[in-house]
Structures are given as structure tokens and as C-alpha cells.
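To start, the structure itself, in C-alpha cells.
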Amino acid sequence: MLLSKTFDIVMAVFDVGSHVVTQAASSISGSTSLDVQATLTTMFNNQIDTMGIGELIGLGMETMVISLCMKIMSVLITVILYGRMIEIYLYVSVAPIPAATVTNREWGTIGTNYLKGLVALAFQGFFIMVCVAIYAVLVASVAVAGNLHSALWSVAAYTVILCFSLFKTGSLSKSIFNAH
């Protein structure tokens, strides 16, 4: 009976996770939309007249380096998110095997650990949502920075922090739900 309902159980866990992510997204107050280009363009236009040629060349070099770093971080973030989707597909595809062990006295921990991992994977989306919301708040605060150089490096640093925090969402979720 359990094996015939395995897919329903797995989908129910992901429905609960989806509901939590949706509720978290709706409870995030404020705007999470980012218009970094407009902010930096405004700052650039306001500060360009006061810069000398050496500082402008330095700014151009900084911008190229940061642009390259941001593209690399963007690729890493995309890989993390696609990797999570692949992990979900793999978890769902093998669900009948660990589900078959749940009722067995000797092998039951396999199924129990699978279910804990499944719940952790479903709730990883919540932690990803929290990381992105924090990132949006941090980048929005860059708009009040008066120095164009520090604004560029701040956005790059926050993006690096986002990337590393997204890497940690899986292990955080597993540790909270005690999934091995």
C-alpha cells in the first residue's frame, strides 16, 4: 500500500514546502526588485565631473573586474539553483526504494532518513528565498552610499555572500531536519 502511494506522499511533502515558500515570499515586506544599474548610473553621473583622468581609468578597470566577477557569480548561482532542481528530480525518482524500507524493523531507518532528507530538500527553497530577500535589502542599501567605488565593491561583495549562502542552504536545511 505504501509503495503505491509513494508519489502522492512525495508530492505532498513538496506541496507543503511550496506553501511555506509562497507564504515566505508574500510576507517579505518591501520591494525586492533591484535596479542596480539605475542607481549606479545616477551615482556615476553625479560623480563623473569631480574625477580626474587617473581616477576615471581606475574606475573603468574596477568596473571591468567587478563585471567579470558578477558574471561568474551569476553562473554559479544558476548552477546552484539548477543543481537543486536536479536533486529534487533524483530524490523523487528513487522514492519507492527507501519507501519500501519504512515498515521494516531492521531497514526502517533508511526510509526514515529518506523522508527527513525529502523534507529538508523541500524546505531548502525557503532558505533560498530568505537569502535572496536579504540580498535585495543589502543591495538596495547601496543606493545611499556616496562613493561610487565603494558602491561597486559593495554590490560585488553582497553577490559573493549570496552565492556562498546559497551553497549553504542545503546543509542548513539538512541539519535542521536532522537528515543525513
Just to be sure, is residue 71 modelled with pLDDT of 85 or more and within 20 Å of residue 170 (Cβ to Cβ)?
no
Residues that are of a type in the set (Ser, Thr, Tyr) and modelled with pLDDT under 90, drawn from the range 159-180:
159
Cβ pairs under 9 Å, 6+ apart, first in the range 1-16 and modelled with pLDDT of 80 or more, second not in a helix (DSSP H, G or I):
6/95; 6/100; 7/95; 9/2; 9/95; 10/95
Name the single residue that is farthest from residue 118 (Cα to Cα) among those in the range 3-23 being within 23 Å of the chain's Cα centre (by Cα) and crowded, with 17+ Cβ neighbours inside 10 Å.
21
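How many residues does the range 135-180 hold that are of a type in the set (A, V, I, L, M, F, W, C), in a helix (DSSP H, G or I) and in contact with a helix residue (DSSP H, G or I) (Cβ under 8 Å, 6 or more places away or on another chain)?
The initial filter retains those residues of the range 135-180 that are of a type in the set (A, V, I, L, M, F, W, C), namely 136-140, 142-145, 148, 151-153, 155-157, 160-164, 166-167, 172, 176-177, 179.
Of the ones still in play, those that are also in a helix (DSSP H, G or I) are 136-140, 142-144, 148, 151-153, 155-157, 160-164, 166-167, 172, 176.
Checking the rest, the ones that are also in contact with a helix residue (DSSP H, G or I) (Cβ under 8 Å, 6 or more places away or on another chain) come to 138-139, 142-143, 148, 151-153, 155-156, 160-163, 166-167, 172, 176.
Total meeting the criteria: 18.
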Would you be able to say whether some residue in the range 70-89 is without any contact (Cβ under 8 Å) to a residue 60 or more places away in the chain, outside any helix (DSSP H, G or I) and surrounded by fewer than 17 Cβ atoms within 10 Å (Cβ to Cβ)?
no
Condition first: more than 18 Å from residue 81 (Cβ to Cβ), over 18 Å from the mean Cα position of the chain (by Cα) and touching a residue at least 60 places away in the same chain (Cβ under 8 Å). Can you find one or more residues in the range 156-176 that meet it?
no
Residue match in the range 102-113 (condition: crowded, with 17+ Cβ neighbours inside 10 Å and either touching a Phe, Trp or Tyr at 6+ places or on another chain (Cβ under 7 Å) or of a type in the set (Ser, Thr, Tyr) (or both)):
no
Inside the range 46-99, can you point out the residues that are farther than 29 Å from residue 163 by Cβ and either in contact with a helix residue (DSSP H, G or I) (Cβ under 6 Å, 6 or more places away or on another chain) or among the aromatic types (Phe, Trp, Tyr) (or both)?
95, 96, 98, 99
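Results for (1) closer than 16 Å to residue 77 by Cα; (2) surrounded by fewer than 17 Cβ atoms within 10 Å (Cβ to Cβ); (3) of a type in the set (S, T, N, Q), shown as yes or no for each residue.
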site	(1), (2), (3)
129	yes, no, no
133	yes, no, no
137	no, yes, no
141	no, yes, yes
148	no, no, no
152	no, no, no
155	yes, no, no
158	yes, no, no
164	yes, yes, no
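The values are calculated or read from the model by the stated rules, or taken from the named source; none is laboratory data. Quick caveat, the model's predicted, so the values are computed rather than measured. Don't worry about glycine lacking a Cβ; one is built from the backbone with ideal geometry, like all the others, and counts go over all protein chains shown.
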